[in-house]
Each structure stands twice: as structure tokens, then as C-alpha cells.
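S.K.: There's a structure below that I have some questions on.
Please treat every number below as a calculation from the coordinates, not as lab data. As the structure is a computational prediction, the values presented were derived from the model and not from experiment. Positions of Cβ are backbone-derived with ideal geometry, glycine not excepted, and every protein chain shown enters the neighbour counts.
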Amino acid sequence: MGLKIAVGGIEHETNTFCAGETPLSDFQVERGHEIIDNHWGVRTYLGGMLDAAASLNATVVPMIFAAAEPAGPMSESSYLVFVDELLASIAKSLPLDAIALYLHGAGLATKVGNMEVDICRRIRQLVGYDVKLVVTLDLHGNLNPQLSNFVDVAFCVHNHPHTDAYERGQDAINILPRLLNGSVKPKTHIEKLPLLMVTATTMSGWAADVWALCRSIEEDPDIITCTFLHGFPWADSVDTGPSVLVVANEDADKAKDAAKRVARFVWNAREEIRPKALSPEEAIKAAVKSEDWPVVLVDGADCSGAGCPADGTYLLRAMLEAKLGDTCFAVICDPAVVVQAHQAGVGTTIAVALGGKSDKLHGAPITATAYVKSLTDGRFLIQQPMGRGARVSVGKTARLQIDGIDIVVVSNRYQPLDPEIFLSHGIDVSRCRIIGLKSLNHWRAGFQGIVKHDFLADSPGLMSQDLTRFSYNFVPRPVWPFDRETIYDLAQS
């Protein structure tokens with residue numbers, strides 16, 4: 001008889017510096033067969049799980065999957081709405097061989113704390129330890145070592161951008177037969193490091209070197225998985241910070257030794273970890289000196305992928321003041337201006353106060369005269385490896401032209417992952433000299449082969465590269481680089 005596997009998850013990356021809590025209405029919820037319809041053949045964690053389950057001729061029981069754009073913590077009551085439904089679905093589906101969950105690793109709920117630990121603890125209380133529990137995690141999880149008490153194996157994406165989510169979903173399912181027949185007896189070690197760091201791409205630089213070390217460790221047949229998690233520093237919690245996750249077969253000491261080896265490598269490279277960000281004006285000056293085009297100006301401090309409002313104006317204002325030509329920008333979230341543009345229609349000129357409406361932190365509105373070049377319904381498919389085939393809806397959109405810059409305005413927060421948001425408005429980014437993006441690193445896979453250089457522009461924002469802008473009350477101290485006396489005990493590693 002084939003395996004019976006329940007599949008679902010609750011996914012949220014929590015930025016505690018956001019004002020307010022994340023409401024239930026922010027979550028996109030898929031139930032039952034909607035999970036299969038939306039993820040079958042798509043390069044997501046759940047897509048990988050479904051395809052791997054099919055290859056094993058397993059019976060899949062789709063439960064609930066709830067996910068929201070990063071923002072503030074969930075309230076306890078909202079969180080329990082989803083957890084209670086998940087637990088009810090599991091109870092209804094028993095008996096089960098296994099449960100596979102798509103989680104994040106940096107989810108927080110008020111009065112609950114670490115969501116992933118709480119979810120897995122509650123599941124264990126319901127089903128015991130005979131039912132196997134496997135999970136997938138994001139590279140930016142703030143892990144609590146207690147997680148290893150409740151899951152059999154956790155697989156974390158290795159890449160940033162997360163182009164391997166599909167493969168990690170496959171891993172979570174493919175290991176189940178060996179867990180069930182006892183040929184794999186996993187031992188997990190989670191090593192925490194006493195430092196805070198902003199996230200970095202694994203496509204180059206020091207993070208690529210750490211990635212290579214982890215892959216070399218995985219060549220040992222007894223090592224099931226090895227990942228350095230960058231953590232999510234825009235959260236003030238007792239778990240905030242990077243960690244190393246290693247799972248070994250039967251050998252707890254091997255898992256611990258491998259994790260400490262990676263941690264020691266990262267600790268010794270900590271001076272290289274400091275971000276190399278410029279002010280918007282400095283980034284623009286550097287960009288215009290480039291001899292190869294196009295180049296990207298990265299608006300990293302206002303990336304919706306970390307809970308930002310995506311309506312910040314610091315970089316866009318500086319680009320307009322620099323009077324750049326052959327330039328495009330995506331995205332700025334301003335539903336009021338989108339409505340204004342749709343009411344006026346293509347070919348009209350409108351007076352706008354663009355962006356800067358969510359708070360005072362991300363800059364004031366830009367007052368300008370804009371030409372309405374095109375309008376869309378905001379629906380398209382992701383084409384890049386990270387989530388390829390996934391349906392995206394950012395609400396109605398407008399392409400505005402202001403002083404020679406093409407600006408894509410959206411109704412819902414969105415982080416551009418590939419050129420599709422531009423192409424939907426007739427903009428071929430390969431013909432531009434400068435591309436402004438409200439993203440930090442996830443754009444890199446989708447624009448690979450197009451962009452020649454990139455320049456990170458920092459500014460006040462909920463994802464600023466300058467972590468001294470934030471007040472940490474719960475992060476354990478001392479922590480590097482805030483406390484120069486911070487020591488990671490290399491003698492013990």
C-alpha cells in the first residue's frame with residue numbers, strides 16, 4: 001500500500017518593526033484541492049512535494065496552506081484560526097504515514113512567539129511520534145533549536161534567491177520511505193551564532209563561499225542536509241540571528257561537528273559580512289558611470305519581501321532629480337494613484353502625489369505631472385526559477401511616465417522577481433540603461449543575463465541595511481556587531 005501524506009503549511013516572515021499586527025485578511029488561503037491546483041507543476045516548495053509524492057505513488061491529503069506578505073506579528077487569535085484548522089484537518093485525515101509542511105522559520109505571533117516551533121509541538125501532541133513530520137524552511141528563518149525536538153527532518157533552501165525551493169520540497173517527501181523503514185534515523189543539530197547580519201545573495205561573495213562549504217559537507221553520505229541560514233534581522237526576538245542546520249544519519253556528533261565547522265567559517269568571515277550600501281544619490285552617481293548597461297539600482301530598504309510598504313520615495317525621488325534617461329522603476333505601491341490613472345485612461349496626463357502614504361519613515365509623496373502610458377489588471381505568471389509558473393496578482397496597475405522615467409505603480413505590495421511586471425506594461429528592460437527595483441536579492445535570478453551591474457541604495461526604511469537604526473530589546477546580548485566584545489567560543493567548535 002502506498003504512503004498517505006498530509007500536505008499544507010502556514011508561512012509568514014515577521015518584521016517586528018512594522019506597525020501593527022498582520023490581520024487574517026492579509027493571508028491568501030488555499031484549502032484542499034486548491035493546493036494541488038495552484039502548485040502542481042509549479043516551482044514552489046509545495047510543487048516539489050506534490051511531484052515527489054506522485055513519483056512515490058503516495059496518496060496526498062491536501063489540508064490548508066496560508067501565506068501572507070511579510071509584515072508585523074500575527075495576533076494570537078488570528079494565528080490560532082489557522083493552527084486549529086490545520087490540526088482539525090490532520091485529525092480528520094488520520095491514520096497518516098507522514099505530514100509535510102511548508103513553513104518559513106521567522107514567523108512570530110503575539111503571546112506565542114516562534115510559530116514554527118509551536119505548530120510542530122501542537123502536531124506532535126496530536127499525532128505522537130509514529131507519524132513522520134518533515135518541514136521545509138526559508139533561508140531567512142530565525143531558528144530555535146527546540147524545533148529539532150518535534151520534526152524528523154527539516155530541509156532549508158540553500159540558495160538566495162530561493163531558486164531551489166522545488167528541490168527542497170522534493171527532498172522532504174523523498175526521505176519519507178527511509179524514515180519509515182528505519183534506514184535513516186536523523187539526528188539534527190542547530191548551531192546559533194551570536195551575530196546579526198543582513199541577508200546576502202549566495203550567487204557571489206562570502207555567502208557563495210559558505211554555500212560551497214555546505215555542499216562539500218553534504219558529500220558525506222551520512223549528512224542528509226547542511227544549510228547556513230542567514231536569519232531575518234528585522235525582527236526583535238530571542239531567536240533572531242543566523243544559524244547552521246545539519247541533519248546526519250544516526251550520528252549526532254557528526255551533525256554537531258559539521259554545524260560548528262560552518263559556524264566557525266562564518267564567524268571568521270564576519271568582517272566581510274558588512275553590507276556595502278550607498279545613499280540613493282551615491283548609488284545613482286556610481287550607476288551612471290557604468291560602461292555596461294543595463295544596471296540596477298536596488299531600493300533594498302523598502303522591499304515588500306521583508307514587510308516594507310513598497311511606497312517609499314527616497315530612491316525614486318533621487319532618480320527623478322538626477323534626470324535620468326532610458327530608465328524604468330518597479331514597483332511603487334499606491335492604490336489611490338492607480339485608481340486615478342484608470343479613471344483618467346491611457347494617453348492622459350494627471351497630477352499625482354505618488355507614494356509616501358503609508359508612514360513618515362519611507363519618505364514623503366512625490367508631487368508630479370504624470371503621463372498614463374498603459375494600464376493592466378496586474379495578473380501574470382512568474383517566469384524565473386524561483387516560483388516559475390506561479391500566478392501573481394498585484395491588483396490593477398499603471399505605467400506612468402514622469403520626467404523620462406517609466407514607473408510601474410501597483411495596488412498591492414509586490415517585490416519584482418523577474419521582468420514580467422515590466423513586460424506586462426510593454427517595457428523591455430534590456431533596452432534600458434538603468435532599472436530601479438524595490439527588492440534586495442530575489443531579483444537576481446530573474447534578471448540574470450540581462451543586468452550587468454547593481455548598486456545597493458540604502459535609506460531609512462523597515463529593511464534598512466543599517467541595523468543600528470533599529471532597537472533590539474529581546475535579541476540575546478552580547479551580539480556582533482553591536483557589542484564588539486562578543487565572543488563565539490571557537491575552542492568549543
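S.K.: At q = 0.08, 0.11, 0.12 Å⁻¹, work out log10 I(q)/I(0) for the chain with the Debye formula, treating every Cα as an identical point scatterer and leaving solvent out; two decimals please.
M.R.: The calculated log intensity ratios at q = 0.08, 0.11, 0.12 Å⁻¹ are -0.48, -0.91, -1.08.
S.K.: Could you size up the charge dipole of the stretch 275-389 around its Cα centre, putting +1 on the beta carbon of Lys and Arg and -1 on that of Asp and Glu, and report it in debye to the nearest 20?
M.R.: Charge dipole, the stretch 275-389, about its Cα centre: 120 debye, nearest 20.
S.K.: I'd like the per residue volume of the convex hull spanned by the Cα atoms of the stretch 3-68, given in cubic angstrom.
M.R.: So the per-residue hull volume is 87 Å³.
S.K.: Okay, moving on. Pop the C-beta distance of Ala88 and Asp489 into the FRET formula with R0 = 60 Å and round what comes out to the nearest 0.05.
M.R.: In this case the efficiency is close to 0.85.
S.K.: Between Arg31 and Val238, 0.36 nm times their residue separation minus their Cα-Cα distance comes to what?
M.R.: Net length gain for the segment: 71.3 nm.
S.K.: Once phi is turned into θ = phi - 60°, what whole-Hz ³J(HN,Hα) does the Karplus curve with 6.51, -1.76 and 1.60 give for every residue of the stretch 63-73, x standing for Gly and Pro?
M.R.: 9, 9, 10, 10, 9, 9, 4, x, 6, x, x
S.K.: Still on this structure, please answer the following. Which translational diffusion coefficient, to the nearest whole µm²/s, is obtained for the stretch 257-314 from the Stokes-Einstein equation, given a Kirkwood hydrodynamic radius over C-alpha pairs, 20 °C and 1.002 mPa s?
M.R.: The estimated diffusion coefficient comes to 147 µm²/s.
S.K.: Oh, and also: Could you work out how far the C-alpha centroid of the stretch 376-415 sits from that of the stretch 1-74, in angstrom?
M.R.: Result: 23 Å between the Cα centres.
S.K.: Turning to a different aspect of this structure: For the stretch 360-483, build the convex hull from the C-alpha positions and give me its volume per residue in Å³.
M.R.: Taking only Cα atoms, the stretch 360-483 has a hull volume of 158 Å³ per residue.
S.K.: Using the reciprocal of the averaged 1/r over all distinct C-alpha pairs, how large is the Kirkwood radius of the stretch 58-144 in Å?
M.R.: After inverting the mean inverse Cα-Cα distance, the result is 13.7 Å.
S.K.: May I pose another question? What number, in percent, do you get for the relative contact order of the stretch 186-256 if the mean sequence gap of Cα pairs under 8 Å and at least 6 apart is divided by its residue count?
M.R.: Answer for the stretch 186-256 is 47 percent.
S.K.: Give me the one-decimal nm value for the distance between modelled label points at Arg270 and Lys323, 7 Å along each residue's Cα-to-Cβ direction.
M.R.: 4.8
S.K.: Which ³J(HN,Hα) values, rounded to whole Hz and listed in residue order, are derived for the stretch 468-479 from phi using the Karplus coefficients 6.51, -1.76 and 1.60 in 6.51 cos²θ - 1.76 cosθ + 1.60 with θ = phi - 60°, glycine and proline given as x?
M.R.: Per-residue couplings from phi come out as 5, 6, 10, 9, 9, 10, 10, 4, x, 10, x, 9 Hz.
S.K.: What does the helix-only formula give at 222 nm for the chain: each DSSP H stretch with n ≥ 4 adding -39500 (n - 2.57), the total divided by the residues, and the result rounded to the nearest 500 deg cm²/dmol?
M.R.: So the calculated ellipticity at 222 nm is -7500 deg cm²/dmol.
S.K.: Also, I was wondering about something else. HN-Hα J couplings of the stretch 430-439 from phi, Karplus 6.51/-1.76/1.60, θ = phi - 60°, integer Hz, Gly and Pro as x?
M.R.: 5, 8, 8, 8, 10, 10, x, 10, 8, 7
S.K.: Then there is this: Hull surface divided by four, with the convex hull built on the Cα atoms of the stretch 5-154: how many nm²?
M.R.: 8.4
S.K.: Longest segment of the chain with no GluC sites (Glu not before Pro) in a DSSP loop having at most 10 other Cβ atoms within 10 Å?
M.R.: 1-218
S.K.: Could you work out the relative contact order of the chain? I mean the mean sequence separation of Cα pairs under 8 Å and 6+ apart, divided by the number of residues, in percent.
M.R.: For the chain, the relative contact order is 16 percent.
S.K.: Which log10 I(q)/I(0) values, to two decimals, does the stretch 305-372 give at q = 0.17, 0.19, 0.25, 0.28 Å⁻¹ under the Debye formula with one point per Cα?
M.R.: -0.65, -0.80, -1.24, -1.36
S.K.: Rounded to the nearest 0.05, what FRET efficiency do Arg431 and Asp130 have when you use their Cβ-Cβ distance and R0 = 45 Å?
M.R.: For R0 = 45 Å, the calculated efficiency reads 0.15.
S.K.: Let me know the charge dipole size of the stretch 408-493 about its Cα centre in debye, to the nearest 20, where only the beta-carbon of Lys, Arg (+1) and Asp, Glu (-1) is charged.
M.R.: 260
S.K.: Could you work out the Rg to Rh ratio of the stretch 220-327, with Rh taken as the Kirkwood radius (inverse of the mean 1/r over all Cα pairs)?
M.R.: Ratio of gyration radius to Kirkwood radius for the stretch 220-327: 1.15.
S.K.: Would you please name the trypsin sites (Lys or Arg not before Pro) within the stretch 83-126 that are DSSP coil residues with at most 13 other C-beta atoms within 10 Å of their C-beta?
M.R.: Answer in residue order: Lys111.
S.K.: Kindly work out what percent of the DSSP beta bridges joining two residues of the chain are antiparallel, to the nearest 5.
M.R.: Restricted to the chain, the bridges split so that about 45 percent are antiparallel.
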